[in-house]
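The values are calculated or read from the model by the stated rules, or taken from the named source; none is laboratory data. If you're wondering where the values come from, they're calculated on a predicted model, not measured in any experiment. Note: ideal-geometry Cβ built from the backbone for every residue, glycine included; neighbour counts use all protein chains shown. Side chains included, ligands, DNA and RNA excluded: accessible areas come from the protein's heavy atoms. Shrake-Rupley method; radii C 1.70, N 1.55, O 1.52, S 1.80 Å.
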Amino acid sequence: MHVPEELLARLREHRQEHLLAHWDNLEDPEREHLLGELEEVDFAKILSLYGRRKERVGALAAHNLRPLDFLKLADQSASQISRWERTAAGEFRAGRVAALLVAGGQGTRLGHNGPKGSFPFAIPSGRTLFELQALRLLNLGRRFGKPVPWLVMTSPINDADTRAFFAEHGFFGLDPKDVFFFSQGQLPAVGEDGRLLLEAPDQLALVPDGNGGVFAALARSGGLDWLKARGVKSVFLYSVDNAIVRVCDPALLGFHVESGKAVTCPVVRKAGPGERVGIFVDTDEGSCVAEYSDISEEMRNAADERGHLLYDGANLAIHVLDVGVLQDAAEQALPYHSAFKRVPWCREDGTIVLPEKENAWKFEQFMFDVFPRFGKMAALEVERSDWFSPIKNSSGNDSPATAIRMMLDLHSRWLVEAGVLAPDDPRKFEISPLWSYAGENLRGRTISELLEKGAVVQA
Ligand code: UTP
């Protein structure tokens, strides 16, 4: 087997002949595999991203950043919230709502060997993130008499493991017909010197192309057609790692539908100027998210006369989108953000290097870069303790330990509010999302009854 002349010429033109360093030692099937991978690479595109790796893209490139205005959920009357929930109920009953999970990340900071959604983070029930989300969807499906379709984006790295995990767990009680898996794209990792890396003698080092890859991958996979065929109008797009995510929250969906905006986001107040989260801003182009590093020190600390931070609407990576946004976004070329990361690679002598420090550039699209196209978004401020507990790190902030604590505090609060537990009861309980989506269905029960029915587990 030979390397086609045309490919050889392209490798030379882009100074990438080292990718064939192991050719003579490869068997034919391995050669075939490597050729297949190399044929797929758009060298001009990846090297142009490498050339622009230090440029800023996204919100900072936009003009006139201003804080985004948002409504506060806590200021809304009970009748307003019930109205949103009634609007949402009509949407659920008509099958017009779906959940879209982006779970193609590598979760390197957490370091779990497998999809992050399958991480057993030691809550009393032993449930995983995937299961918690599935049970909330099952709860809503039963409440409204219509299953809520669930789209799950994986990457080529975790696709097989994710599908196997769902199958091993009987799809957590969901009907497999209501779940659509699809895999995002990947791009080659580029070494510091502009040369693409091999991960094995016959394998390029490829990394997922960022959660913004969701739009193109959804269209390419047939997921968008699947949604349209089911009559879905609003999609709840979210990240896998928020342990208390209120998947398809009815009040938020009702607010979205009534706002008439194409994009709606829940927002929490930043814990302080130094919290490293993206924040919502308005720009001359439209609303979007500015990353922590996109905001100057001065803007981070800017406050009104009462001392309240001006730029403090933090992004929870939860977005409600009209289906038309998904269609339009699939046709857009989103910018790529670059990051210098540790990527294992294969030396020319065949040894594999697990680098101790950053050695390669990876290029990612972010889902929020699509927002400015859709003008001003609707935003609703919610309580962090009700909505947001991400698992990013293996310890410290945003870790399994903080998520367990926040979830147990939240569930115990619901039990106290429902009069099931006395406020000074020191015991902690986890509530099944199938029994109670967000604190309902508890009033008038006793804790022993809930324990017996499997509705709660004691910590
Ligand atoms: P993060 O930015 O936290 O990245 O992803 P990560 O890959 O999960 O974790 P680290 O940075 O390696 O530790 C936020 C969300 O976007 C998804 C993740 O699965 C998570 O739900 N994501 C990220 C993708 O779906 N694809 C990607 O290429 C990157």
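Listed here are the residues, each with its yes/no results for (1) touching an Asp or Glu at 6+ places or on another chain (Cβ under 8 Å); (2) not basic (Lys, Arg).
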| position | (1), (2) |
| --- | --- |
| Lys45 | no, no |
| Gly51 | no, yes |
| Asn64 | yes, yes |
| Ser77 | no, yes |
| Thr87 | yes, yes |
| Val102 | no, yes |
| Ser118 | yes, yes |
| Gly145 | no, yes |
Practice task
Would you point out which residue out of Ala205, Ala229, Ala189, Ala217 is among the hydrophobic types (A, V, I, L, M, F, W, C) and open to solvent by 10 Å² or more (accessible area, probe 1.4 Å)?
Solution key: Ala229
Practice task
Would you check if Glu298 is part of a loop (DSSP other than H, G, I, E, B) and surrounded by fewer than 22 Cβ atoms within 10 Å (Cβ to Cβ)?
Solution key: no
Handout entry: Selection from the stretch 305-326 of residues that are part of a loop (DSSP other than H, G, I, E, B) and open to solvent by less than 40 Å² (accessible area, probe 1.4 Å)
Key = Tyr311, Asp312, Leu316, Ala317
Completion exercise
Residue pairs qualifying under the 6 Å Cβ cut-off, at least six apart or on distinct chains, with the first in the stretch 92-108 being free of Cβ contacts under 8 Å to residues at least 24 places away in the same chain and more than 18 Å from Val247 (Cα to Cα) and the second being open to solvent by less than 10 Å² (accessible area, probe 1.4 Å) and within 6 Å of the ligand (Cβ to nearest atom), are none
Handout entry: One residue from Leu11, Leu26 being over 29 Å from Trp150 (Cβ atoms), open to solvent by less than 90 Å² (accessible area, probe 1.4 Å) and in contact with a helix residue (DSSP H, G or I) (Cβ under 6 Å, 6 or more places away or on another chain)
Key = Leu11
Fill in the blank from the handout: Of Ile404, Ile391, Ile447, the only residue that is of a type outside the set (Asp, Glu) and more than 18 Å from Phe130 (Cα to Cα) is Ile447
Practice task
Of the conditions (1) without any contact (Cβ under 8 Å) to a residue 24 or more places away in the chain; (2) surrounded by fewer than 21 Cβ atoms within 10 Å (Cβ to Cβ); (3) of a type outside the set (Asp, Glu), Ser412 clears all except one; give me its number.
Solution key: (2)
Exercise for the section: Could you check how many residues of the stretch 368-386 are in contact with a strand residue (DSSP E or B) (Cβ under 6 Å, 6 or more places away or on another chain) and either on the phi > 0 side of the Ramachandran plot or within 16 Å of the ligand (Cβ to nearest atom) (or both)? Expected result: 2
Problem - Residue in the stretch 287-295 that is farther than 26 Å from Lys45 by Cβ, out of contact with any strand residue (DSSP E or B) (no Cβ under 6 Å at 6 or more places or on another chain) and not in a strand (DSSP E or B) present - result: yes
Completion exercise
Of the residues in the stretch 352-397, those that are free of Cβ contacts under 8 Å to residues at least 60 places away in the same chain and open to solvent by 60 Å² or more (accessible area, probe 1.4 Å) number 6
Completion exercise
Among strands (runs of 3 or more DSSP E) entirely within the stretch 168-278, at least 3 residues that are touching a residue at least 40 places away in the same chain (Cβ under 8 Å) occur in 179-183, 198-200, 206-208, 234-239, 263-269
Exercise for the section: Name the single residue, out of those in the stretch 118-134 being aliphatic (A, V, I, L, M) and open to solvent by 10 Å² or more (accessible area, probe 1.4 Å), that is nearest to the ligand (Cβ to nearest atom). Expected result: Leu132
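One line per residue, one yes/no per condition, for (1) modelled with pLDDT of 95 or more; (2) aromatic (Phe, Trp, Tyr); (3) away from the ligand (no atom under 12 Å from the Cβ); (4) closer than 30 Å to Ser432 by Cα:
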position: Val179; (1), (2), (3), (4): yes, no, yes, yes
position: Val190; (1), (2), (3), (4): yes, no, yes, no
position: Gly194; (1), (2), (3), (4): yes, no, yes, no
position: Ala205; (1), (2), (3), (4): yes, no, yes, no
position: Gly210; (1), (2), (3), (4): yes, no, no, no
position: Leu218; (1), (2), (3), (4): yes, no, no, no
Fill in the blank from the handout: Scanning the stretch 313-346 residue by residue, those under 29 Å from Val382 (Cα atoms), more than 16 Å from the ligand (Cβ to nearest atom) and either in contact with a Gly (Cβ under 9 Å, 6 or more places away or on another chain) or in contact (Cβ under 8 Å) with a residue 60 or more places away in the chain (or both) turn out to be Gly313, Val320, Asp322, Val323, Gly324, Val325, Gln327
